[in-house]
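Participant: So that we are looking at the same thing, I have put the structure below in structure tokens.
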Amino acid sequence: MGATALKAIEANFEEPPLCAETIRRLTDAGIAFMAELTTPLGCENVHFGPEDLNRLLEDKTGFAAGYFGVTRQQYLDWIATGGNPRCSSETRSGKPCRKPAGGRYQIGIDEWLASDGGLCRSHETRVLNRIRKSR
Ligand SMILES: [Zn+2]
């Protein structure tokens, strides 16, 4: 088969399949795989094995969510909020409060999950004052 025929075949595939032999040779030579996973502060470099190569290529977001041990939506929300957990209260005009719950910014996903949907420092203080006055 000539080079022209090979190019014609390759043109029919959007992405050529990964060559298992190439991956085996790379792995046997001690060449490791690393991915840059998006985080609120930029990215985190993560080593992974050849067995995860297809999963990462097909669905990097799902791979990242699995790596961080959260759901796909939790991972996407963590990124979208810049790692700032959302306050569940509203401003006096009825708009969602934009201050971070717990008063913490750009935190890791475990802390973010624990704080997201809580109260910011201002709303926390208001709730505590209401409780004190009611006693
Ligand atoms: Zn608030």
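Participant: Which condition breaks for L76 when tested against (1) surrounded by 13 or more Cβ atoms within 10 Å (Cβ to Cβ); (2) touching a residue at least 12 places away in the same chain (Cβ under 8 Å); (3) not assigned by TED's automatic domain parsing to the domain that holds P16?
Facilitator: So L76 meets the others, but not (3).
Participant: Can you confirm whether R98 is near the ligand (Cβ under 10 Å from one of its atoms) and loosely packed, with under 14 Cβ neighbours inside 10 Å?
Facilitator: Against the criterion (near the ligand (Cβ under 10 Å from one of its atoms) and loosely packed, with under 14 Cβ neighbours inside 10 Å), R98 qualifies.
Participant: Does G69 qualify as being away from the ligand (no atom under 16 Å from the Cβ), surrounded by fewer than 12 Cβ atoms within 10 Å (Cβ to Cβ) and within 15 Å of the chain's Cα centre (by Cα)?
Facilitator: Yes.
Participant: If you check P17, P50, which single one turns out to be in contact with a Ser or Thr (Cβ under 6 Å, 6 or more places away or on another chain), outside the structural domain of H123 (by TED's automatic domain parsing) and either in contact (Cβ under 8 Å) with a residue 40 or more places away in the chain or more than 30 Å from R121 (Cβ to Cβ) (or both)? So that I can check it myself, show each step before the final result.
Facilitator: On the way: P17 fails: in contact with a Ser or Thr (Cβ under 6 Å, 6 or more places away or on another chain).
None of the others qualify; the one that does is P50.
Participant: Tally the residues that are assigned to a helix (DSSP H, G or I) and either in the same structural domain as A64 (by TED's automatic domain parsing) or of a type in the set (V, I, T) (or both), restricting the search to the range 88-135.
Facilitator: Residues in the range 88-135 being assigned to a helix (DSSP H, G or I) and either in the same structural domain as A64 (by TED's automatic domain parsing) or of a type in the set (V, I, T) (or both): 4 in total.
Participant: So, one more: Touching a strand residue (DSSP E or B) at 6+ places or on another chain (Cβ under 6 Å) and modelled with pLDDT of 95 or more - does that describe any residue in the range 105-118?
Facilitator: So far as the range 105-118 goes, yes, one or more of its residues are touching a strand residue (DSSP E or B) at 6+ places or on another chain (Cβ under 6 Å) and modelled with pLDDT of 95 or more.
The values are calculated or read from the model by the stated rules, or taken from the named source; none is laboratory data. Just so we're clear, the structure is a prediction, and the values are computed from it rather than from any experiment. Counting neighbours? That spans all protein chains shown, and the Cβs are built from the backbone with ideal geometry, glycine included.
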